[in-house]
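What follows is a single structure, written as structure tokens, with notes after it.
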């Protein structure tokens, strides 16, 4: 495989087990050993190899490639240059490799990763998998961390035991991945999907993987993602007819505020708050597209408060008043009583009434 | 190729771009709600004729776009027209608060001695909220173009586009000078209105 080799597909089509159709055709796999090199005066040479498109390792990588679209669930977007120009060094290196997948071009990607890898991130094994599906070209980048292990070799009736430090993929569920897709090399890609299975909270992706190595940000801005959830919650409240679910949504809206700064999604919030299936369904169906329910963003408390049109006041006599924020002062009259306390008055038709153990 | 490209774009225009354009306009209006001095917010889907003209553009005999459907980024074009030059910055900040950008350029003539087009241009990630449920995400463009400019910048640009962008013949020197003159007048009008606005605001404040 020379430097100038071009992409040729349909070499190893992976059969879709359900439909029997060929779904993804892997054409190249390269692998590199990445040493921590951030802030180091000299960067170690990067060893690399072209992985044959058959055998057990290929089968394992093909499996990872096949599930990549499902696993990588965080949308990212490449950053432009600080002067606003539509150019990104990391993207350029990735596209150059995708155009002509070769060991030297793949090494350029490995160098980008090595340059930002700290000792804390440690040694890693990088795989670059080039493939094609019905929508166009795909590039999957996966990094597996080095782990430790013990090997045992039989020597007649004895065994030889050795401690080894460069063990990779012992746990194939612990890795970082990034998936990029495009209809053509000319069109390229400006967005992609990532996952960081090394983080306990998989909704995040290490800064070093997304921000530094890929020079990207979350595709959703904090404000857009937060506003979307606030609007969905508000719509769910309006559409919901079950008072118990309404109350649950109201409570949830108060608790959500504590998530300021967290990388999350509506789905994750619902799961973390252990909302009932009724409340979860109400929120999910309030999004304009189903995909948005699981869309990742960084929660912004101020944006949420600004968008949520819902206000709740609790009094020291045990009464709780709740109304939409925009109409609160219109439907609930607030006045100062002679006692120095605040008097709230309102009138309307009772649409539901029930006894509850808790608020 | 042209025929299939035309067919592909016609289909995209009707089934994908037009419905997204309507949603995107609403979304933009919602994100910019409450901002003062906005004259209008508009989103258009690039017409098939305009798309084909751009797609078949050649430079040095070679087609500029090898994959026009994937490469042309202004298939959806949005405009926010504001009253004063001082409104461009806060609107741009607001845009960047809600949309991820891959390009942000201040378009202006290369030399300080020239007058021509002024405007702020963004290429932004198309938010999924703007894509109707019936449209598959993979069928929608990934990005759209947004221009923020003043009323005078907009007026000049529209007239220049109509008269000067694709003239039947080469412009004469005096015609070119006339264009520059109108651009200078627009620039001057923006400047005076900005000063008036600032001065009156200070006095009333």
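The values are calculated or read from the model by the stated rules, or taken from the named source; none is laboratory data. Being a predicted model, the structure only gives us computed values, none of them experimental. Here Cβ is always computed from backbone atoms with ideal geometry, including for glycine, and neighbour counts include all displayed protein chains.
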Pick from segment B:29-54, criterion in a loop (DSSP other than H, G, I, E, B) and touching a strand residue (DSSP E or B) at 6+ places or on another chain (Cβ under 7 Å), ranking: surrounded by the fewest Cβ atoms within 10 Å (Cβ to Cβ)
B:37
Among the residues in segment B:131-146, are any assigned to a helix (DSSP H, G or I), at the interface with another protein chain (Cβ under 10 Å from one of its Cβ atoms), free of Cβ contacts under 8 Å to residues at least 40 places away in the same chain and surrounded by fewer than 20 Cβ atoms within 10 Å (Cβ to Cβ)?
yes
Quickly run through segment B:66-80 and pick out the residues that are facing another protein chain (nearest Cβ under 7 Å) and farther than 20 Å from residue A:192 by Cβ.
B:66
When residue B:125 is evaluated against the numbered criteria (1) touching a helix residue (DSSP H, G or I) at 6+ places or on another chain (Cβ under 7 Å); (2) buried (at least 18 other Cβ atoms within 10 Å of the Cβ); (3) at the interface with chain A (Cβ under 10 Å from one of its Cβ atoms), which criterion, by number, is the only one it fails?
(1)
Could you pull out the residue among B:97, B:89 that is within 23 Å of residue A:79 (Cβ to Cβ) and surrounded by fewer than 15 Cβ atoms within 10 Å (Cβ to Cβ)?
B:89
Considering only residues of segment B:109-122 that are out of contact with any helix residue (DSSP H, G or I) (no Cβ under 9 Å at 6 or more places or on another chain) and part of a loop (DSSP other than H, G, I, E, B), which is nearest to the other protein chains (Cβ to nearest Cβ)?
B:110
Take segment B:57-86 and flag every residue that is surrounded by fewer than 14 Cβ atoms within 10 Å (Cβ to Cβ) and farther than 18 Å from residue B:145 by Cβ.
B:58, B:59, B:60, B:61, B:62, B:63, B:66
Name, by its number, the condition in (1) closer than 21 Å to residue B:99 by Cα; (2) within 14 Å of chain B (Cβ to nearest Cβ); (3) in contact (Cβ under 8 Å) with a residue 24 or more places away in the chain; (4) more than 13 Å from the chain's Cα centre (by Cα) that does not hold for residue A:266.
(4)
Read through the list (1) surrounded by fewer than 17 Cβ atoms within 10 Å (Cβ to Cβ); (2) over 28 Å from residue A:219 (Cβ atoms); (3) in contact with a helix residue (DSSP H, G or I) (Cβ under 7 Å, 6 or more places away or on another chain), then give the number of the only condition that residue A:46 fails.
(1)
Of those in segment A:283-299 that are more than 18 Å from residue A:249 (Cβ to Cβ) and more than 10 Å from every other protein chain (Cβ to nearest Cβ), the residue surrounded by the most Cβ atoms within 10 Å (Cβ to Cβ) is A:297
Pick out the one residue from A:237, A:214 that is closer than 26 Å to residue B:98 by Cβ, buried (at least 21 other Cβ atoms within 10 Å of the Cβ) and in the same structural domain as residue A:196 (by TED's automatic domain parsing).
A:214
Considering only residues that are crowded, with 18+ Cβ neighbours inside 10 Å and either within 14 Å of chain B (Cβ to nearest Cβ) or under 24 Å from the mean Cα position of the chain (by Cα) (or both), which ones fall in segment A:98-111?
A:98, A:109, A:110
Output the residue which, of all residues in segment B:81-103 that are at the interface with chain A (Cβ under 9 Å from one of its Cβ atoms) and more than 17 Å from the chain's Cα centre (by Cα), is nearest to residue B:24 (Cα to Cα).
B:98
Exception for residue B:106 within (1) within 16 Å of residue B:33 (Cβ to Cβ); (2) surrounded by fewer than 15 Cβ atoms within 10 Å (Cβ to Cβ); (3) at the interface with another protein chain (Cβ under 9 Å from one of its Cβ atoms) falls at (1)
Could you count how many residues in segment B:55-95 are assigned to a helix (DSSP H, G or I), in contact (Cβ under 8 Å) with a residue 12 or more places away in the chain and closer than 26 Å to residue B:155 by Cβ?
9
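So that you can scan it fast, the table gives a plain yes or no per residue for (1) part of a helix (DSSP H, G or I); (2) over 30 Å from residue B:134 (Cβ atoms); (3) modelled with pLDDT under 90:
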| site | (1), (2), (3) |
| --- | --- |
| A:280 | yes, no, no |
| A:288 | no, no, no |
| A:291 | yes, no, no |
| A:302 | yes, yes, no |
| A:311 | no, yes, yes |
| A:323 | no, yes, yes |
| A:343 | no, yes, no |
| A:352 | no, yes, yes |
| A:357 | no, yes, yes |
In segment A:276-323, what residues are in contact with a strand residue (DSSP E or B) (Cβ under 7 Å, 6 or more places away or on another chain) and free of Cβ contacts under 8 Å to residues at least 24 places away in the same chain?
A:311, A:314, A:323
Within segment B:14-27, can you find the residues that are touching a residue at least 60 places away in the same chain (Cβ under 8 Å) and in contact with a strand residue (DSSP E or B) (Cβ under 7 Å, 6 or more places away or on another chain)?
B:17, B:20, B:24
Within segment A:246-261, the count of residues that are surrounded by 15 or more Cβ atoms within 10 Å (Cβ to Cβ) and touching a strand residue (DSSP E or B) at 6+ places or on another chain (Cβ under 8 Å) comes to 2
Here is a check on your reading of the model: is residue A:89 within 14 Å of chain B (Cβ to nearest Cβ) and more than 30 Å from residue A:293 (Cα to Cα)?
yes
Report the residue count in segment A:204-262 for those that are part of a strand (DSSP E or B) and out of contact with any helix residue (DSSP H, G or I) (no Cβ under 6 Å at 6 or more places or on another chain).
2
